[in-house]
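Trainee: Sending over a structure as structure tokens; questions will come in a sec.
The values are calculated or read from the model by the stated rules, or taken from the named source; none is laboratory data. All values reported here derive from a predicted model rather than from experimental measurement. Note: ideal-geometry Cβ built from the backbone for every residue, glycine included; neighbour counts use all protein chains shown.
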Amino acid sequence: MSEGIRRIVITGSTRGLGRGLAEELLARDCAVVICGRSQESVAAVVAELGERFGASRVHGQAGDVTSLPQVEALWEGATARFGGVDIWVNNAGISHAMQPLWELPPDEVEGVWQANVLGTYYGCRVAMAGMLAQGQGWIYNVEGFGSTGRLRWGLGAYGTSKAAVAYFTRALAAEAQETPVRVASLSPGMVMTDLVLGELAKDPERLERSRRIFNIIADRAETVTPWMAEQILSNQRHGARIRWLTPGRMAWRFLSAPFSRRNVFDD
């Protein structure tokens, strides 16, 4: 591995936002570890990205972020391949059916909270330990709807998990202040990934009712991921909360909506 190349682990990077972020970071001469739950999907992404950017800078490892031993194995695999990890991005997460909280099956709620909250904790725990030992590193936690406290029908359990991630990140940054490890959060806003589209597709009537608002506030992954990559590589502020959809940008979108032809849907 050439000196100066930043070595980056991205959880949940076989599709959607994580996959797009991996591509953008590879395009900026980083070395990237792809991680997802399925060995088949990891292998397919590694093969494709290795073909495009060079196999020497792409490594893949299947793992479930809700399992601490598997997250520890992810660190070990990354350091064995690249000699260390400079940046760890906790991106993996899942959502649930858009239903009121009392109608959601308990196991579905538990799964969301385990992946989004416990998975972020495990990633931070493992990355902190490894980065303290190597003497440096950056941890980024990806926020989502609920991180700012906003409410939306049918997203109560998911929003709760992301509100917890936002608080956890602030707490971790405060506790890591006197260490050589830096912590920050990334808020990409509403991104139309398979995760979001899959849930919307289950309720065509709600999809049609929501189409206008999504075309105002949401973005495609390919719009947001170049910005995310640049922020990750350029940020120097510990504890930063880096937001794509700022209040000013949101206000402008609503003001310009009558004159805009934005379409974030594949159709």
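Trainee: Name the single residue that is farthest from the chain's Cα centre (by Cα) among those in region 20-43 being buried (at least 24 other Cβ atoms within 10 Å of the Cβ) and within 17 Å of A78 (Cα to Cα).
Mentor: The extreme case among them is A31.
Trainee: What pairs come out if I take residues in region 81-106 that are more than 20 Å from T160 (Cα to Cα) and pair them with residues that are among the aromatic types (F, W, Y) whose C-beta lies under 6 Å away, six or more apart or interchain?
Mentor: Qualifying pairs under 6 Å: I87/W138; V89/Y140.
Trainee: Something else now. Quick one: which residue in V33, V46, V9, V65 is touching a His at 6+ places or on another chain (Cβ under 6 Å) and either aliphatic (A, V, I, L, M) or more than 22 Å from Q231 (Cβ to Cβ) (or both)?
Mentor: V33
Trainee: So which of A176, A171 ends up being modelled with pLDDT of 70 or more, among the small types (G, A, S) and crowded, with 18+ Cβ neighbours inside 10 Å?
Mentor: Just a single option satisfies the conditions, and that option is A176.
Trainee: Can you confirm whether region 123-142 contains a residue that is in contact with a Lys or Arg (Cβ under 6 Å, 6 or more places away or on another chain) and at pLDDT 95 or above?
Mentor: Yes, region 123-142 contains at least one residue that is in contact with a Lys or Arg (Cβ under 6 Å, 6 or more places away or on another chain) and at pLDDT 95 or above.
Trainee: Could you list, in sequence order, the residues of region 146-165 that are closer than 20 Å to T246 by Cβ and buried (at least 19 other Cβ atoms within 10 Å of the Cβ)?
Mentor: If the condition is that a residue be closer than 20 Å to T246 by Cβ and buried (at least 19 other Cβ atoms within 10 Å of the Cβ), then G146, S147, G159, K162, A163, V165 are the ones that fit.
Per-residue answers, yes or no, for (1) modelled with pLDDT of 95 or more; (2) among the basic types (K, R); (3) crowded, with 17+ Cβ neighbours inside 10 Å; (4) under 20 Å from the mean Cα position of the chain (by Cα):
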position: R15; (1), (2), (3), (4): no, yes, no, yes
position: V45; (1), (2), (3), (4): yes, no, yes, yes
position: V65; (1), (2), (3), (4): yes, no, yes, yes
position: T79; (1), (2), (3), (4): yes, no, yes, no
position: V89; (1), (2), (3), (4): yes, no, yes, yes
position: L101; (1), (2), (3), (4): no, no, no, no
position: P105; (1), (2), (3), (4): no, no, no, no
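Trainee: Taking region 110-143 only, how many residues are over 15 Å from T11 (Cα atoms) and either buried (at least 24 other Cβ atoms within 10 Å of the Cβ) or under 12 Å from the mean Cα position of the chain (by Cα) (or both)?
Mentor: Residues flagged as over 15 Å from T11 (Cα atoms) and either buried (at least 24 other Cβ atoms within 10 Å of the Cβ) or under 12 Å from the mean Cα position of the chain (by Cα) (or both) within region 110-143 amount to 1.
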